[in-house]
Amino acid sequence: MTDSSRQRLLTGRISRVCAEQAEREAGCVMTGHHCHSYFELYYLQQGRTCFIIDNSLIDLQAGDFILIPPQVFHYTLYQYERCVRGVVYFRAEDIGEGTFTRVTDVGSFFSRPHIFRSEASARPRLDDVLQCMFAEEFSPDEKTPYMQYYLLQELFILMARFCTVTPALAENTRTADRQTLLAARFIGENYMNPITAAEIAAAAGFSPNHLSKRFREDAGVGVHEYLVNTRLQHAALELIATDDSITAIALRCGFSDSNYFKDVFKKKYGMTPRAYRRSH
């Protein structure tokens, strides 16, 4: 693990552009449903995978980028085959003004998830820039922040030239996943209420048993686990953003029992809600 990766995991924050590369075997779900306070630019270098972002399921092929703004829930399913992926983490201030105007003329562009599908002929050039960023993380010195900053500008300008850009909306999902998406969206809109498995299934047009099987096949987690994770992520944000009591946050995020909330929160985040609030 590089120093920048360690900093990101321990503090939930970054102080410069960071990059990392990893291989993922088929069948694994990494980090669960999560969000963070900085941007993530995910690049699938090899393989095929499914990305879930803001309750939308999106198929990614080799050569695809996805831009994830801060505080947007997402996770990756490596259910098809072995993949190689690269990730670049950066802050809003790491996007140069000149780069911004070359990437887009829409002021809200970076506030929404977007997919960049690269041309096959341009991938070697994009890969070269990314490999420079990955290598820089393994030999950091006082010049690394500047190198990573300028490499990020080059990467975005190349993406603007050689990629087709589309918003990461529900229209990008596979037809076979529509019912799963409807269930995920219902959970995202009603997690704060005492919803039942039958209500979730009805929103998707399935029986509870069929939805349970289908949801796990498509999303990689069970319906109940997805509901609890959604509630936990919203609670984690409220712990940081408000001074409300832990019990009030638990109730507002759909947990009827504050002790149960504390137990599942600690299991997911490795610390109590109170400790999580202090650490952020």
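With the requirement that a residue be under 17 Å from the mean Cα position of the chain (by Cα) and surrounded by 15 or more Cβ atoms within 10 Å (Cβ to Cβ), what does region 84-108 give you? Can you show your working first?
Filtering region 84-108 for residues under 17 Å from the mean Cα position of the chain (by Cα) gives 84-92.
Matches in region 84-108: ARG85, GLY86, VAL87, VAL88, TYR89, PHE90, ARG91.
Does region 141-150 hold any residues that are over 22 Å from the mean Cα position of the chain (by Cα) and crowded, with 16+ Cβ neighbours inside 10 Å, and which are they? Write out each step before concluding.
At the first step, the residues of region 141-150 found to be over 22 Å from the mean Cα position of the chain (by Cα) are 141-147, 150.
THR144, PRO145, MET147 - these are the residues of region 141-150 that are over 22 Å from the mean Cα position of the chain (by Cα) and crowded, with 16+ Cβ neighbours inside 10 Å.
Conditions (1) out of contact with any helix residue (DSSP H, G or I) (no Cβ under 9 Å at 6 or more places or on another chain); (2) free of Cβ contacts under 8 Å to residues at least 24 places away in the same chain; (3) over 19 Å from GLN21 (Cα atoms), marked per residue:
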{"position": "VAL88", "(1), (2), (3)": "no, no, no"}
{"position": "PHE116", "(1), (2), (3)": "no, no, no"}
{"position": "LEU126", "(1), (2), (3)": "no, no, no"}
{"position": "PHE134", "(1), (2), (3)": "yes, no, no"}
{"position": "TYR146", "(1), (2), (3)": "yes, yes, yes"}
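Per-residue answers, yes or no, for (1) more than 22 Å from VAL72 (Cβ to Cβ); (2) surrounded by 22 or more Cβ atoms within 10 Å (Cβ to Cβ); (3) modelled with pLDDT of 90 or more; (4) not assigned by TED's automatic domain parsing to the domain that holds TYR75:
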| site | (1), (2), (3), (4) |
| --- | --- |
| ALA184 | no, yes, no, yes |
| ALA198 | yes, no, yes, yes |
| TYR226 | no, yes, no, yes |
| THR242 | no, no, no, yes |
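Quick check, is GLU238 farther than 19 Å from SER56 by Cβ, of a type in the set (Asp, Glu), free of Cβ contacts under 8 Å to residues at least 60 places away in the same chain and part of a helix (DSSP H, G or I)?
Details: farther than 19 Å from SER56 by Cβ: yes; of a type in the set (Asp, Glu): yes; free of Cβ contacts under 8 Å to residues at least 60 places away in the same chain: yes; part of a helix (DSSP H, G or I): yes.
Criteria met by GLU238.
Are there any pairs, at least 6 apart or on different chains, whose C-beta atoms fall under 7 Å, with the first in region 191-203 and part of a helix (DSSP H, G or I) and the second among the hydroxyl-bearing types (Ser, Thr, Tyr), and if so, which?
That search, which allows pairs on different chains as well, returns ALA201/SER207.
On the given criteria, is PHE215 within 26 Å of HIS36 (Cβ to Cβ), surrounded by 19 or more Cβ atoms within 10 Å (Cβ to Cβ) and among the aromatic types (Phe, Trp, Tyr)?
Working: within 26 Å of HIS36 (Cβ to Cβ): yes; surrounded by 19 or more Cβ atoms within 10 Å (Cβ to Cβ): yes; among the aromatic types (Phe, Trp, Tyr): yes.
Yes: the conditions hold for PHE215.
Scan region 254-275 residue by residue and report those that are touching a residue at least 40 places away in the same chain (Cβ under 8 Å), in contact with a helix residue (DSSP H, G or I) (Cβ under 7 Å, 6 or more places away or on another chain) and surrounded by fewer than 20 Cβ atoms within 10 Å (Cβ to Cβ). Steps first, answer last, please.
First pass over region 254-275, keeping only residues touching a residue at least 40 places away in the same chain (Cβ under 8 Å): 254, 256, 268.
Then keep just the ones that are in contact with a helix residue (DSSP H, G or I) (Cβ under 7 Å, 6 or more places away or on another chain); that gives 254, 268.
Of everything in region 254-275, just one residue is touching a residue at least 40 places away in the same chain (Cβ under 8 Å), in contact with a helix residue (DSSP H, G or I) (Cβ under 7 Å, 6 or more places away or on another chain) and surrounded by fewer than 20 Cβ atoms within 10 Å (Cβ to Cβ), namely LYS268.
Hey, among THR230, THR247, which residue is in a helix (DSSP H, G or I), among the polar types (S, T, N, Q) and modelled with pLDDT of 90 or more?
On the way: THR230 fails: modelled with pLDDT of 90 or more.
The unique qualifying residue is THR247.
The values are calculated or read from the model by the stated rules, or taken from the named source; none is laboratory data. The shown structure was predicted, so the numbers you read here are calculated from the model rather than taken from an experiment. Quick reminder, even Gly has a Cβ in these numbers, built from the backbone with ideal geometry, and neighbours come from all protein chains shown.
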